[in-house]
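Asker: If you scroll down you'll find the structure; I have some questions about it.
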Amino acid sequence: MKKVLSIILVVLLFMGVVTGCKKTKDSDSTKESRSKVDEETPEGSEDGAKELSKEPITFTMYSAESNPNYDNFESPVAKKIQELTGVTLEIEYEMDDPAQRIGIMAASGEYPDLVYAKGDLLPLKEAGAILQLDDLIEEYGPNLKKLYGEYLPRLRWSTEDPHIYYVGTYPVYEVRLEPANLFWLQHAVVKELGYPEIKTLDDFEKALKDYYAKYPQIEGQDTIPLSLLADDWRFLISVTNPAWAATGGSDDGEWYVDPETYEAVRHLTREEEREYFRWLNHMNNEGLLDPESFSQKTDQYEAKIASGRVLALADADWSIGSPQTALREADLEERMYGRYPVVLDEDTECRVNQSPGYTGGWGISITTSCEDPERAIAFLDWMATEEGQVLTHWGIEGEHWEYNADGKRVFLPEIDEMRRTDPEFGKKTGIGNYTYPFPQWGNGIKDSTGNYVQPDSEIEDIIENYTEVEKEVLAGYGAKVWMDLFPSPEDFPIKPWGATWMYNIEDPDLVDIDNRVTDIGMTLIPKAILASPDEFDSIWDEYLKSVEDAGLPKLTEAMNDMIQEKMELWGTKE
Amino acid sequence: MIPIKQKEISTKESKGKDIRKILSQQKYLIAMSLPFVIWVIIFAYVPLWGWTMAFQDYKPGIPFSEQEWVGFKHFLKLFNDPMFFLALRNTLAMSLLGLVFGFTLPIILALLLNEIKNLTFKKTVQTISYLPHFVSWVVVASIVTQMLSINGPVNNILMSLNLIDKPKQFLIQPNLFWWIVTAADVWKELGWNSIIFLAAISSINPELYEAATVDGAGRFAKMRYITLPGIMPTVIVILIMNIGNLINIGFEKQLLLGNPLVKEYADVLDIYILNYGIGSGRYSLGTAAGMFKSLVSLILLTIANTISKKTTDIKVI
């Protein structure tokens, strides 16, 4: 009898394991499909009132971006969202590599309700986890339709599968007010040297060298003329991205797309970029490059910057945001950084500001695990309303902002002070936590009150945000904003292919080549930079040969096909 | 060890008896072990089903019957990939270093601690030495990074001793990486790993020491002729198990201490599987690599076990 019992027990446990793994889609087990029907019936009956329903509901969400300022949906803004829509979000932010997390998610068959997968949506889509949103947007998304407008086709997946699987992230109709530069110089340096022209790498180097010679120590610690960050993927931001910036490229991720012929090449393989890295090699041999550039971790790097002893950086603005705020808080305003259009030589044009238009490659998807997709899309649609946009960007009227005498929307003075100096502003207020990656109005759109929906959308707002030192430095260069030092975005046509860093490579073999090519760069480029000058070329040649062997030509061909396909899909092909 | 002995005893006792009788005799034992057998089946054997992925072009979310079977394609891919062998080399190198130092040093520590007669001091040393075991690798890695940074204590000490004239960057030197990882590992686990040997030592009959003292044996002679042989069975069992685990050295330390410049020496098999398997969406390749790892473990374990059986008559399996 016991034996029988134990066998039954084993079998039961087995069943538990097997059915537990199976989940949803299988409909051969009657029990399962029945319980599904049961769940679905009440939903169906509610359908009519769906758009207006404010019943409390919780959506779980995964975001492939990290957000150290997340408020656990407890901030005033979050509470207000909850009050207005009934929706509670449980967001899980990625701490490391989203690809791994999403791969595991796809294999397990258990998804959060909403997923922001950045460039890694494919595994989920292939697993059948992602809902097609075309009809849902048509039915429940009037504000989304209005927001994306002519760009709606850009959300489509591909020519073979021309459906919408996500609600696009990043602001739509965005005007660039601050340059997307990658080269930063401390205000103290240019002030001390009498505002020298900073245009070429040589100018940049000379400024660093002169200042370094005068002040080998800052606040009792050794001065670091130039520091880079190579911690994991940040390598691509701080070590390799500046290479295209300095050689007349605009941001296409790991690619350079010829603005005339639309032909893509891996940007690091361009001969111009060899010269950029030769310069870094030279900087290292001159002792101007931080020797810890390739071993420091992000926290060490940020601590260094916040100590005020790093004279120059090559990095993205979002990457140095928190140490800059820390400097500002510590009243080290002249140790903060200005933006300079540094290029290889006089003949190179700085194109960093060329606009990709609305890129639309990534966004928030709704998964099959979401029990109420209509409600989810209605929520996303609400986020795209004026009410939602003002709340997420500005906070609550009276508590965070007010209309001033001219009818202009302004932050309350203490909130304004707080958002400039408090690194935890987002955590405390929730402002800005629910803008990206949700649908967002660009800073080119005004709302019904004639105000821009995004804060700091006017030149005056930008200038107001500058420190006194910053204004002084800009005046020294005869400029009002940093953009004045750069070629304006209007000088260039909008890139008809968007931006290749938003493309999703589907074939796992190509993804593998992509990974390998990137990894080879991560190993050999630092080696080339740290080598003696006469060894540089041989290591660089080795790099070019290695990536070729790893299958780069195949990947390049695929990338070019994708560019052509994108232009066709979007209708931007001439 | 204990279950094995018991099994031997019970087999002897029940020689020639009906198997049903044995079962009924041992029903409580069987009932007690049943949950664990089920546990093992569910968590160790059922997941083996996943190995089928290695022979498919596995795509998540598609029913098993619709997966495409590809035979040994992924294994061939694996064995044609130089990165795989690099990862294998790094894994084996670091685990061998770990075995040499991470295994012998705890024994030495245990022997030395055993000789200390001041109990308070002994306990204090023991506690302090095993505390780092509870510190997570993330913290250990940042301690190591700080220690070895340009302005860190190691450089300061070497500079003040005039051993080097310029601060050295230890962490970006590929040939040092294995040693740094091993040193960090030894520091973290030394005390913890010595506990089991201390326990083994304490079970040695004190009369043996007394007899040796009468025979005029000194401290080192006692260590050599009594303590060491006394803990030998434990040592061998642990050694065999460590050898079986040679290839499973984890990846936290390599991931956390590594940087682009030492990548060629830091990437271990688990990182390879993570990056080129799961990270690229090539689950089948990852599974194939995982299978390979299990196979190597099995072979190593069997070899170690056989050698030990032949030479010392102690075995695990």
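The values are calculated or read from the model by the stated rules, or taken from the named source; none is laboratory data. On a predicted model such as this, the values are computed, not experimentally measured, just so you know. When we count neighbours, we look across all protein chains shown, and the Cβ atoms used for this are built from the backbone with ideal geometry, even at glycine. Ligands, DNA and RNA are excluded from the accessible area calculation, which covers all protein heavy atoms including side chains. Shrake-Rupley method; radii C 1.70, N 1.55, O 1.52, S 1.80 Å.
Asker: Take the residues of segment B:260-275 that are within 24 Å of the chain's Cα centre (by Cα) and at the interface with chain A (Cβ under 7 Å from one of its Cβ atoms): which is surrounded by the fewest Cβ atoms within 10 Å (Cβ to Cβ)? Explain how you work it out, then say what you get.
Answerer: Residues of segment B:260-275 that are within 24 Å of the chain's Cα centre (by Cα), as a first pass: B:262-275.
Then keep just the ones that are at the interface with chain A (Cβ under 7 Å from one of its Cβ atoms); that gives B:263-264, B:274-275.
Values: B:LYS263: 21, B:GLU264: 17, B:LEU274: 20, B:ASN275: 21.
The extreme case among them is B:GLU264.
Asker: Here are the criteria: (1) in a helix (DSSP H, G or I); (2) over 23 Å from the mean Cα position of the chain (by Cα); (3) within 25 Å of A:TYR358 (Cβ to Cβ); (4) in contact (Cβ under 8 Å) with a residue 12 or more places away in the chain. Tell me which single one A:ARG154 does not satisfy.
Answerer: (2)
Asker: Restrict the check to segment B:229-245 and report whether at least one residue is closer than 30 Å to B:LEU171 by Cβ, surrounded by fewer than 17 Cβ atoms within 10 Å (Cβ to Cβ) and away from chain A (no Cβ under 14 Å). Explain how you work it out, then say what you get.
Answerer: Looking only at segment B:229-245, we keep the residues that are closer than 30 Å to B:LEU171 by Cβ, and these are B:242-243, B:245.
Those still in the list that are surrounded by fewer than 17 Cβ atoms within 10 Å (Cβ to Cβ) too: B:245.
Subset that is away from chain A (no Cβ under 14 Å): B:245.
Within segment B:229-245 (the criterion being closer than 30 Å to B:LEU171 by Cβ, surrounded by fewer than 17 Cβ atoms within 10 Å (Cβ to Cβ) and away from chain A (no Cβ under 14 Å)), the answer is yes, since at least one residue qualifies.
Asker: Going residue by residue through segment A:304-316, is there one that turns out to be in a helix (DSSP H, G or I) and within 14 Å of another protein chain (Cβ to nearest Cβ)?
Answerer: Step one: of segment A:304-316, the residues in a helix (DSSP H, G or I) are A:304-306.
When the remaining residues are screened for being within 14 Å of another protein chain (Cβ to nearest Cβ), the result is A:304.
Yes, the conditions are met somewhere in segment A:304-316.
Asker: Would you mind stating whether A:TYR436 is at pLDDT below 90 and buried (at least 23 other Cβ atoms within 10 Å of the Cβ)? Before you say what the answer is, go through the steps one by one.
Answerer: Numbers: at pLDDT below 90: yes; buried (at least 23 other Cβ atoms within 10 Å of the Cβ): no.
The answer is no for A:TYR436.
Residue-by-condition table, conditions (1) away from chain B (no Cβ under 12 Å); (2) in contact (Cβ under 8 Å) with a residue 40 or more places away in the chain:
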position: A:PHE204; (1), (2): yes, yes
position: A:ILE224; (1), (2): no, yes
position: A:SER238; (1), (2): no, yes
position: A:ASP258; (1), (2): yes, no
position: A:ARG266; (1), (2): yes, yes
position: A:TYR276; (1), (2): yes, yes
position: A:HIS282; (1), (2): yes, yes
position: A:ASN285; (1), (2): yes, yes
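Asker: Another one. Go through (1) surrounded by fewer than 16 Cβ atoms within 10 Å (Cβ to Cβ); (2) closer than 30 Å to B:THR227 by Cα one by one and return the number of the condition B:LEU111 breaks.
Answerer: Of everything listed in (1) surrounded by fewer than 16 Cβ atoms within 10 Å (Cβ to Cβ); (2) closer than 30 Å to B:THR227 by Cα, B:LEU111 misses just condition (1).
Asker: Restricting attention to helices (runs of 4 or more DSSP H) lying wholly within segment A:480-574, give those where 2 or more residues are within 29 Å of A:TYR148 (Cβ to Cβ) and either hydrophobic (A, V, I, L, M, F, W, C) or open to solvent by less than 40 Å² (accessible area, probe 1.4 Å) (or both).
Answerer: By residue number, A:508-530, A:552-570.
Asker: Here is a list: A:ASP509, A:ASP534. Which entry is at the interface with chain B (Cβ under 9 Å from one of its Cβ atoms) and among the charged types (D, E, K, R)? I'd like the intermediate steps shown before the answer.
Answerer: On the way: A:ASP534 fails: at the interface with chain B (Cβ under 9 Å from one of its Cβ atoms).
Of the residues listed, the single one that is at the interface with chain B (Cβ under 9 Å from one of its Cβ atoms) and among the charged types (D, E, K, R) is A:ASP509.
Asker: If A:SER532 passes every condition in (1) touching a residue at least 60 places away in the same chain (Cβ under 8 Å); (2) within 21 Å of A:PHE183 (Cβ to Cβ) but one, which one does it miss?
Answerer: (2)
Asker: Of B:GLN126, B:GLN146, which residue is surrounded by 12 or more Cβ atoms within 10 Å (Cβ to Cβ), polar (S, T, N, Q), away from chain A (no Cβ under 13 Å) and in contact with a Gly (Cβ under 7 Å, 6 or more places away or on another chain)?
Answerer: Numbers: B:GLN146 fails: away from chain A (no Cβ under 13 Å).
Sole residue among the options that is surrounded by 12 or more Cβ atoms within 10 Å (Cβ to Cβ), polar (S, T, N, Q), away from chain A (no Cβ under 13 Å) and in contact with a Gly (Cβ under 7 Å, 6 or more places away or on another chain): B:GLN126.
Asker: Take B:VAL138 and decide whether it is more than 22 Å from B:PRO233 (Cα to Cα), surrounded by 15 or more Cβ atoms within 10 Å (Cβ to Cβ) and within 29 Å of the chain's Cα centre (by Cα).
Answerer: On the way: more than 22 Å from B:PRO233 (Cα to Cα): yes; surrounded by 15 or more Cβ atoms within 10 Å (Cβ to Cβ): no; within 29 Å of the chain's Cα centre (by Cα): yes.
Taking the combined requirement at face value, the residue does not satisfy it.
Asker: Hey, A:ALA213 hits all of (1) open to solvent by 20 Å² or more (accessible area, probe 1.4 Å); (2) in contact (Cβ under 8 Å) with a residue 12 or more places away in the chain but one; which does it fall short on?
Answerer: (2)
Asker: Failed condition for B:LEU171, given (1) over 30 Å from B:MET223 (Cα atoms); (2) crowded, with 17+ Cβ neighbours inside 10 Å; (3) modelled with pLDDT of 90 or more; (4) not acidic (Asp, Glu), with all others met?
Answerer: (3)
Asker: Still on this structure, please answer the following. Within segment B:249-259, restricting attention to residues that are in contact (Cβ under 8 Å) with a residue 60 or more places away in the chain and either surrounded by fewer than 19 Cβ atoms within 10 Å (Cβ to Cβ) or among the basic types (Lys, Arg) (or both), which residue is nearest to the other protein chains (Cβ to nearest Cβ)?
Answerer: First, the residues of segment B:249-259 that are in contact (Cβ under 8 Å) with a residue 60 or more places away in the chain: B:249, B:252-254, B:256-259.
Adding the requirement that they be either surrounded by fewer than 19 Cβ atoms within 10 Å (Cβ to Cβ) or among the basic types (Lys, Arg) (or both) leaves B:252-253.
Values: B:GLU252: 12, B:LYS253: 14 Å.
Out of the qualifying residues, it is B:GLU252.
Asker: Tell me, please, whether a residue that is in contact with a His (Cβ under 7 Å, 6 or more places away or on another chain) and part of a helix (DSSP H, G or I) can be found in segment A:157-180. If you could, list the steps in order and put the result at the bottom.
Answerer: Of segment A:157-180, the ones in contact with a His (Cβ under 7 Å, 6 or more places away or on another chain) are A:157.
Then drop every residue that is not part of a helix (DSSP H, G or I), which leaves none.
No, segment A:157-180 contains no residue that is in contact with a His (Cβ under 7 Å, 6 or more places away or on another chain) and part of a helix (DSSP H, G or I).
Asker: Could you check segment A:95-109 and list, in sequence order, the residues that are open to solvent by less than 50 Å² (accessible area, probe 1.4 Å), aliphatic (A, V, I, L, M) and more than 7 Å from chain B (Cβ to nearest Cβ)?
Answerer: Matches in segment A:95-109: A:ILE102, A:MET105.
Asker: Which of (1) farther than 25 Å from A:ASP422 by Cβ; (2) touching a strand residue (DSSP E or B) at 6+ places or on another chain (Cβ under 6 Å) is the odd one out, the single condition A:SER108 does not satisfy?
Answerer: Only one criterion in (1) farther than 25 Å from A:ASP422 by Cβ; (2) touching a strand residue (DSSP E or B) at 6+ places or on another chain (Cβ under 6 Å) is unmet by A:SER108, namely (2).
Asker: Given the conditions (1) open to solvent by 50 Å² or more (accessible area, probe 1.4 Å); (2) in a loop (DSSP other than H, G, I, E, B), and given that A:ASP299 satisfies all but one, which numbered condition is not satisfied?
Answerer: Answer for A:ASP299: the failing condition is (2).
Asker: Within segment B:60-73, is even one residue in contact with a Pro (Cβ under 9 Å, 6 or more places away or on another chain), open to solvent by 20 Å² or more (accessible area, probe 1.4 Å) and free of Cβ contacts under 8 Å to residues at least 60 places away in the same chain? Spell out the reasoning first.
Answerer: Just the residues of segment B:60-73 that are in contact with a Pro (Cβ under 9 Å, 6 or more places away or on another chain), to begin with: B:60-61.
Cutting the leftovers down to open to solvent by 20 Å² or more (accessible area, probe 1.4 Å) gives us B:61.
With free of Cβ contacts under 8 Å to residues at least 60 places away in the same chain added as a condition, the list becomes B:61.
Yes, that holds for at least one residue.
Conditions tested, residue by residue: (1) of a type in the set (Phe, Trp, Tyr); (2) away from chain B (no Cβ under 14 Å).
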position: A:TYR111; (1), (2): yes, no
position: A:GLY119; (1), (2): no, no
position: A:GLU139; (1), (2): no, yes
position: A:PRO153; (1), (2): no, yes
position: A:SER158; (1), (2): no, yes
position: A:TYR166; (1), (2): yes, yes
position: A:PRO171; (1), (2): no, yes
position: A:GLU178; (1), (2): no, yes
position: A:LEU182; (1), (2): no, yes
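Asker: Also, quick follow-up: Please specify each residue of segment A:316-346 satisfying the condition of being surrounded by fewer than 21 Cβ atoms within 10 Å (Cβ to Cβ) and in contact with a His (Cβ under 9 Å, 6 or more places away or on another chain).
Answerer: A:GLU333, A:GLU334
Yes or no, residue by residue, for (1) on the phi > 0 side of the Ramachandran plot; (2) outside any loop (DSSP other than H, G, I, E, B); (3) modelled with pLDDT under 90:
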{"residue": "A:TRP318", "(1), (2), (3)": "no, yes, yes"}
{"residue": "A:PRO323", "(1), (2), (3)": "no, yes, no"}
{"residue": "A:PRO341", "(1), (2), (3)": "no, no, no"}
{"residue": "A:GLY361", "(1), (2), (3)": "no, no, yes"}
{"residue": "A:SER365", "(1), (2), (3)": "no, yes, no"}
{"residue": "A:ILE377", "(1), (2), (3)": "no, yes, no"}
{"residue": "A:ASP381", "(1), (2), (3)": "no, yes, no"}
